[in-house]
Amino acid sequence: MAMGKWKVYEQAKKHLSDGTFDLDGNTYKCALFASTSNANTLSTSSIFADLTNELTTANGYTAGGVTLTSVTWTNASGTMTFTGAIPSWTASGGSIVARFAVIYASGTLNTLVNPILCVALLDTTPADVTITTGNSLSINVNASGIFQLSGATTD
């Protein structure tokens, strides 16, 4: 099983440029969605409520997901990197079955309630990922971060 790359939502790009997101100041959460979700539709979604079929609270998953910790937005030689600690869930009392992970800002930012930032397939086959009771799902963050922004400079 190979997890896909994080893809930034189209509206999130706008919200990054207009200052809606404060990448090192807002609280960010990671939530899980079923294969029947529209979470992978990048062009039309803007807020968490636009997304369908988040997993319900059951079997070790809590609706709304988990808060990302150790979130940073840093600059190294002109490359800005957004990253955070590894989010995880442990199945209890039954399996957790998911297809997508979504990172979103928790709260109201410039009138947007819970704006969504990025999405990733949990298995690029694509296939559902099933975590059975007693096992954990941890989303490993790439050494290069969740995503980076960089560009060439001109003189």
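The values are calculated or read from the model by the stated rules, or taken from the named source; none is laboratory data. In this text, all values refer to a predicted model and were calculated from it rather than measured experimentally. Quick reminder, even Gly has a Cβ in these numbers, built from the backbone with ideal geometry, and neighbours come from all protein chains shown.
Go through (1) closer than 20 Å to residue 54 by Cα; (2) at pLDDT below 95; (3) touching a Leu at 6+ places or on another chain (Cβ under 7 Å) one by one and return the number of the condition residue 107 breaks.
(3)
What number goes with the only condition from (1) over 15 Å from the mean Cα position of the chain (by Cα); (2) farther than 28 Å from residue 136 by Cβ that residue 2 does not pass?
Every condition holds for residue 2 apart from (2).
How many residues are farther than 14 Å from residue 12 by Cβ, surrounded by 14 or more Cβ atoms within 10 Å (Cβ to Cβ) and of a type outside the set (Lys, Arg) if we restrict to the stretch 96-112? Steps first, answer last, please.
Initial filter on the stretch 96-112 (farther than 14 Å from residue 12 by Cβ): 96-101, 106-108, 111.
Narrowing the set further to residues that are surrounded by 14 or more Cβ atoms within 10 Å (Cβ to Cβ) leaves 96-101, 106.
If we keep only those that are of a type outside the set (Lys, Arg) as well, we get 96-98, 100-101, 106.
Selection size over the stretch 96-112: 6.
Would you check if there is a residue in the stretch 10-20 being closer than 26 Å to residue 98 by Cα, assigned to a strand (DSSP E or B) and either under 13 Å from the mean Cα position of the chain (by Cα) or at pLDDT 90 or above (or both)?
Here is the first cut: in the stretch 10-20, the ones closer than 26 Å to residue 98 by Cα are 10-13.
Checking the rest, the ones that are also assigned to a strand (DSSP E or B) come to none.
Checking the stretch 10-20: not a single residue is closer than 26 Å to residue 98 by Cα, assigned to a strand (DSSP E or B) and either under 13 Å from the mean Cα position of the chain (by Cα) or at pLDDT 90 or above (or both).
So residue 46 fits all but one of (1) closer than 23 Å to residue 142 by Cβ; (2) in contact (Cβ under 8 Å) with a residue 24 or more places away in the chain; what number is the exception?
Against the list (1) closer than 23 Å to residue 142 by Cβ; (2) in contact (Cβ under 8 Å) with a residue 24 or more places away in the chain, residue 46 comes up short only on (1).
Take the conditions over 27 Å from residue 20 (Cα atoms) and either surrounded by fewer than 19 Cβ atoms within 10 Å (Cβ to Cβ) or hydrophobic (A, V, I, L, M, F, W, C) (or both) and apply them to residue 76. Does it pass? Break it down stepwise before answering.
Numbers: over 27 Å from residue 20 (Cα atoms): no; either surrounded by fewer than 19 Cβ atoms within 10 Å (Cβ to Cβ) or hydrophobic (A, V, I, L, M, F, W, C) (or both): yes.
Here the answer is no, as residue 76 does not meet what is asked.
Given the conditions (1) at positive phi; (2) more than 12 Å from the chain's Cα centre (by Cα); (3) at pLDDT 95 or above, and given that residue 64 satisfies all but one, which numbered condition is not satisfied?
All conditions pass for residue 64, except number (2).
Give me the pairs: first residue in the stretch 30-43 and free of Cβ contacts under 8 Å to residues at least 24 places away in the same chain, second residue among the acidic types (Asp, Glu) and outside any loop (DSSP other than H, G, I, E, B), beta-carbon distance under 9 Å, and six or more apart or on different chains, which are they?
Qualifying pairs under 9 Å: 38/50; 41/50.
Out of curiosity, is residue 81 modelled with pLDDT under 95, crowded, with 16+ Cβ neighbours inside 10 Å, closer than 18 Å to residue 143 by Cβ and over 12 Å from the mean Cα position of the chain (by Cα)? Before the answer, list the steps.
Values: modelled with pLDDT under 95: yes; crowded, with 16+ Cβ neighbours inside 10 Å: yes; closer than 18 Å to residue 143 by Cβ: yes; over 12 Å from the mean Cα position of the chain (by Cα): yes.
Yes: the conditions hold for residue 81.
From the list 74, 44, 56, pick out the single residue that is over 15 Å from the mean Cα position of the chain (by Cα), farther than 30 Å from residue 134 by Cα and not in a strand (DSSP E or B). Walk me through how you get there before you give the answer.
Values: 74 fails: not in a strand (DSSP E or B); 56 fails: farther than 30 Å from residue 134 by Cα.
Just a single option satisfies the conditions, and that option is 44.
Does the stretch 121-134 contain any residue that is hydroxyl-bearing (Ser, Thr, Tyr), buried (at least 20 other Cβ atoms within 10 Å of the Cβ), at pLDDT 95 or above and within 20 Å of residue 36 (Cβ to Cβ)? I'd like the intermediate steps shown before the answer.
So in the stretch 121-134, the residues hydroxyl-bearing (Ser, Thr, Tyr) come out as 124-125, 130, 132-133.
The next check asks that each one be buried (at least 20 other Cβ atoms within 10 Å of the Cβ); those that pass are none.
Checked the stretch 121-134: no residue is hydroxyl-bearing (Ser, Thr, Tyr), buried (at least 20 other Cβ atoms within 10 Å of the Cβ), at pLDDT 95 or above and within 20 Å of residue 36 (Cβ to Cβ).
For the stretch 20-51, name all the residues that are among the aromatic types (Phe, Trp, Tyr) and over 15 Å from residue 127 (Cα atoms).
Just the residues of the stretch 20-51 that are among the aromatic types (Phe, Trp, Tyr), to begin with: 21, 28, 33, 48.
21, 28, 48 - these are the residues of the stretch 20-51 that are among the aromatic types (Phe, Trp, Tyr) and over 15 Å from residue 127 (Cα atoms).
Is it fair to say residue 86 is surrounded by fewer than 17 Cβ atoms within 10 Å (Cβ to Cβ) and modelled with pLDDT under 95?
Spelling it out, residue 86 is indeed surrounded by fewer than 17 Cβ atoms within 10 Å (Cβ to Cβ) and modelled with pLDDT under 95.
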